[in-house]
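Novice: Below you'll find the structure I mean.
The values are calculated or read from the model by the stated rules, or taken from the named source; none is laboratory data. Remember, predicted model here, so these are calculated numbers, not experimental data. Glycine gets a Cβ as well: all are built from the backbone with ideal geometry, and neighbour counts include every protein chain shown. Keep in mind that these areas ignore ligands, DNA and RNA; they rest on the heavy atoms of the full protein, side chains included. Shrake-Rupley method; radii C 1.70, N 1.55, O 1.52, S 1.80 Å.
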Amino acid sequence: MIPLRTGERNLRIRTAKDTDLDDIVRLDAEAFPADPYPFFVLRQLLTAFPDFLLLVEDGEELRGYVLATPPHDAQSWVLSLGIVPDLRGQGLGRHLMTRMLSHLRAQGTHAVWLSVEPGNETAISLYLSLGFVADPGGPRKDYFGPGQHRLLMSLNL
Ligand SMILES: CC(C)(COP(=O)(O)OP(=O)(O)OC[C@H]1O[C@@H](n2cnc3c(N)ncnc32)[C@H](O)[C@@H]1OP(=O)(O)O)[C@@H](O)C(=O)NCCC(=O)NCCS
């Protein structure tokens with residue numbers, strides 16, 4: 001059970017398994033319709049870092065996920081965080097991110113990094129409220145290719 005703003009929901013958070021791949025691909029496309037990960041990227045990330053891919057499920061379907069990297073030099077990246085549209089704004093993204101940050105801390109991560117679209121106010125305000133700090137240099141131009149600027153944010157754990 002996870003307490004959401006609209007009441008308790010029968011949701012649970014768990015790590016991903018190989019057999020989740022097709023459902024993760026669908027979930028990612030629902031959370032990021034304009035820019036989903038290619039299938040092969042999700043396949044490789046799931047194979048490489050299964051313990052760093054946390055899923056929210058409601059018994060029938062996946063409803064959200066967060067993906068990070070294992071620590072390297074005590075630093076990790078959160079690569080993706082997505083909640084299905086009809087469950088947004090109820091506290092689930094915060095809950096999932098908090099779970100991942102605890103996991104990373106337990107795994108030896110001392111600093112977490114992420115990149116976010118500079119106009120994604122919802123995500124940025126979530127990250128700021130969790131203690132992330134924006135790169136003082138501002139958004140990095142063309143960080144993900146031409147026109148794909150990104151703001152880097154970091155958090156010391
Ligand atoms: C960004 C996202 C993961 C946040 O998850 P969520 O479950 O909707 O967020 P929560 O309900 O946990 O809200 C957490 C915080 O986000 C911010 N937030 C949430 N909805 C917001 C909105 N509509 N406008 C502005 N800020 C908002 C608030 O700071 C909120 O803090 P609060 O709990 O004190 O109100 C989710 O909206 C999403 O999947 N968006 C599409 C994919 C995406 O942009 N992912 C991030 C890529 S870097």
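Novice: Angle check, please: helix 92-106 long axis (alpha carbons) against the longest principal axis of the chain (alpha carbons), in degrees 0 to 90, nearest 10.
Specialist: Helix 92-106 sits roughly 70 degrees off the main axis of the chain.
Novice: Roughly how tilted is helix 21-31, in degrees to the nearest 10 and between 0 and 90, from the longest Cα axis of the chain?
Specialist: The angle comes out near 60 degrees.
Novice: Also, quick follow-up: Sort 35-48, 111-124 by packing, meaning the average of other beta carbons within 10 Å per residue, with the highest value first.
Specialist: Top of the packing list down: 111-124, 35-48.
Novice: Here is a further query. Where does the charge balance sit around His103 when Lys and Arg score +1, Asp and Glu -1, over other residues with C-beta under 13 Å from its C-beta?
Specialist: Counting the neighbours of His103, the net charge comes to +2.
Novice: Moving to a separate point now. Count the net charge of all other residues whose Cβ sits under 13 Å from the Cβ of Leu21, scoring Lys and Arg as +1 and Asp and Glu as -1.
Specialist: -2
Novice: Further question: Could you give the distance between the Cα centres of region 21-60 and region 92-156, to the whole Å?
Specialist: 19
Novice: Mind pulling the angle between the C-alpha long axis of helix 39-48 and the longest principal axis of the chain? Nearest 10 degrees, somewhere in 0 to 90.
Specialist: Helix 39-48 sits roughly 90 degrees off the main axis of the chain.
Novice: What nm value, rounded to one decimal, do you get for the distance between Gln75 and Thr19 when each label is placed 7 Å out toward the C-beta?
Specialist: 3.9
Novice: For labels at Arg105 and Val41 in the simple 7 Å Cα→Cβ model, what's the distance in nm?
Specialist: 3.0
Novice: Hey, any idea what % of region 2-156's accessible area is carbon plus sulfur with a 1.4 Å probe?
Specialist: 52
Novice: Continuing with this model, one more query. To check my understanding: the extent here is largest minus smallest coordinate of the Cα atoms along each principal axis. What are those three numbers for the chain, in Å, largest first?
Specialist: 43, 34, 31
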